[in-house]
1. Which of the helices (runs of 4 or more DSSP H) found entirely inside the stretch 263-380 contain at least 1 residues meeting this: modelled with pLDDT of 90 or more?
2. Please verify whether P639 is under 20 Å from R571 (Cα atoms) and part of a helix (DSSP H, G or I), treating the condition exactly as stated.
3. Exactly one of these conditions fails for Q688: (1) among the polar types (S, T, N, Q); (2) without any contact (Cβ under 8 Å) to a residue 12 or more places away in the chain; (3) within 24 Å of P591 (Cα to Cα). Give me its number.
4. Residue check, S609 against (1) in contact (Cβ under 8 Å) with a residue 24 or more places away in the chain; (2) surrounded by 21 or more Cβ atoms within 10 Å (Cβ to Cβ), all met but one. Which one?
5. Is it the case that the stretch 517-529 has a residue that's closer than 27 Å to R660 by Cβ, in the same structural domain as W573 (by TED's automatic domain parsing), under 34 Å from the mean Cα position of the chain (by Cα) and not small (G, A, S)?
6. Name, by its number, the condition in (1) in contact (Cβ under 8 Å) with a residue 60 or more places away in the chain; (2) assigned to a loop (DSSP other than H, G, I, E, B); (3) of a type outside the set (A, V, I, L, M, F, W, C); (4) more than 30 Å from E705 (Cα to Cα) that does not hold for D599.
7. Let me confirm something: among P34, P55, P19, which residue is at pLDDT 90 or above and at negative phi?
8. Among the residues of the stretch 685-713, write down those that are under 40 Å from the mean Cα position of the chain (by Cα) and buried (at least 17 other Cβ atoms within 10 Å of the Cβ).
Amino acid sequence: MEQSLFEQGRLPLAARLRPRTLEEFIGQEHILGPGRLLRRAIEADRLQSLVLSGPPGTGKTTLARVIAEKTCSQFLSVNAVLSGVKDIREAITKAQAFSNKTNHRTILFVDEVHRWNKSQQDALLPWVEDGLFILVGATTENPFFEVNKALLSRSRVFLLTPLTEQELHRVIDFALSDTDRGYGHYQVNLTLDARNHLVRSSSGDARTLLNALELAVETSGDRFPPLRGEPIDVTLEIAEDSIQRRAVLYDKDGDYHFDTISAFIKSLRGSDPDAALYWLARMVSAGEDPRYIFRRMLILAAEDVGLADPDALSRVTTCANAFDRVGMPEGQFHLAQAALYCALAPKSNSTLGYFDALKAVQQAYSDDVPAHLQDPSRDGPALGHGHGYLYPHAYRDHWVAQQYLPETLQGNIFFHPGSLGWEETRRESLEEHRRLQLAAEQEHPLLMHTVPALQGASARWLQRIDGATLEEAVALREEVLQLLAPLSTDRILLCGAPLQLFLWETLRRTPGGITLVWGSDQRDLESMQHLLDRSPLGDLEAPQIAGPLEPGAIPEEKGDYSGPFDRILCRLWPDHPPQEILKRLLPLCLPRGTLLFLDIEPTRGTRPSRLLQDLAALPLQALEALVAAEETLFPQRQPLWEEALSRTFPSTEQDHTVLRSWIHTQVSRKVSPSLVQSWFAPDQPLAQELLRQDQARALEEIREEAKKIPPGQYNWERVFMAVKITKPA
């Protein structure tokens, strides 16, 4: 056995385990794998000058030491941080003496070669050029920017990459199994969680991994080394303590500085708040000047957010001013707020139009200011300055047509507004959001047929901000309108309730047609009328809204148009009889027209019984009682439709095309014990039905189990039956 750990002078584990041969080297298979150029050159001892570039802990210095062990050449090593021209001259003297004695060259390893200035690198150049030295340089920076070009042209660059997780696991295995330099003589029990945490936290740096492993192993017990046979247990907690914070790879004067700020700006530009926060944290942790970060965000606010959100510039400025007052560490809140605002803001680079104008100025800089735009206050009457100028405020809408560009540039366009302009786009997107929010509120009554709704204003507010309901509503709308397939000039009838979800999108898709709403729910009708009163739609574009009416019933005040229709969408409540409504609406549908019924099927979607069965240990008898109550309150709709269709369209009649399909909407919805308990409150339908069926004990058991439900997300599903009928020509 070679030297024990203590005979080696207690070198750090990373130093003790430094590979001695290519066989022990882990990682960098792309340059050191069997048959690769660098491996063949090392094994044949026919090395040429090279530069090893890569992050710390990837094996640059280790590879140089392997070369030193393998070569017959003299191997000299210098550190660019600690050495200067004097050290280079000493190396030259040694190399000349070795060459005269053996006729072999000298390999000069320069660690952190990018730290040498130009004169130091120039001093080495002639000796590399005439073959006295074989240069092996190591750098964490981009050598194409930091190393003398003449020196670089005589070297081959090899890029080392961070080790993969699989390779880092091999490093751990080697450290725990090696009896000469590692912990092979000890019974080290490293849990899987601890191992994975060390690997992930090392970010591809073998040195960081080994330093953390050494600290974890040698501090986990009361003493080290332990008594013979005494195990060393390394848990996740110990691993977390041993690698609390990895040194951030960052150099404010080097490539990683510019690469990191580039990644930060591109994350903001790409509207990725998570990535933006990560790169911001990287810079702050590395000691970057926060004022420099704010300066870059001020540029981005004008260049990349621009007129899509003009407030971005003032928001970032405000955060920068607040940071100057507060300082660190609390100022990190202002950095994060500015970054998040820029990431979430709509984007437009229309300000780049200025540079098109600048180019035009440089090409036609001698163009005079048009006379009508010149200042008339000095000599206007004599020279005609300002004559013919039209004052925009004197005209309607504060605008008048006149030319503002020089004569030679008339017709040029420099400003191309983005599709996210802050006025029009914000107005349109806001209206769309409000419509969808109101539509989601109207979806709430239908939710009662799968789970009874909460009562009161607070419940409606919770429903309004429930993103899951909004997401589900949009998905349902797209599915239904795809089946309805309205054309731009169609005459559309929407009847039943709720219809808010479909009205505005139907209007958008049928600009040359007409849309009528014969609604069944007063609240739904009021909501649609509220938005219609505040919309810019003219009388000819606006939908005709009437009700409340039973589905299929014709209003007494028919308005300008009352049918027939190219497309009819009827949305039913679970207590609406399909056959009667079908008979009412068929005559209102034009030949080749489409009649689409949307009916919720409560027995197929998420119900309280399914949720309690998944999340709680509900007794079987109580579960059966709950299912019976649900079946009474929420009966199946499919049999009613089968009967209605068979009676309306006997099998002998093949002239109508009838298609039935299922629409499934599923979202992740927040579920909590208090929410589930509210479904079984005394005023809720399920509780009342259970009591009507003499299931008071089952109701109490359900309420008790509801208290134990773990809060979290639950996959929520609603199922709709879509019945599409196409009339013959």
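1. Because the criterion is at least 1 residues that are modelled with pLDDT of 90 or more, the helices (runs of 4 or more DSSP H) in the stretch 263-380 that meet it are 273-285, 290-300, 311-326, 332-344.
2. Judged against the criteria, P639 is a match.
3. Condition (3) is where Q688 drops out.
4. (1)
5. The first filter runs over the stretch 517-529 and keeps only residues closer than 27 Å to R660 by Cβ, leaving 517-521, 524.
Filter again for in the same structural domain as W573 (by TED's automatic domain parsing), leaving 517-521, 524.
Among the residues that remain, those that are also under 34 Å from the mean Cα position of the chain (by Cα) are: none.
No, the stretch 517-529 contains no residue that is closer than 27 Å to R660 by Cβ, in the same structural domain as W573 (by TED's automatic domain parsing), under 34 Å from the mean Cα position of the chain (by Cα) and not small (G, A, S).
6. Single failed check for D599: (2).
7. From the options P34, P55, P19, the qualifying one is P19.
8. Initially, the stretch 685-713 is screened for residues under 40 Å from the mean Cα position of the chain (by Cα), giving 702-713.
Within the stretch 685-713, I702, E705, A706, I709 meet the criteria.
The values are calculated or read from the model by the stated rules, or taken from the named source; none is laboratory data. Because the structure is predicted, anything quoted here is derived from the model rather than measured. So basically every Cβ, Gly included, is an ideal-geometry build from the backbone, and we count neighbours across all protein chains shown.
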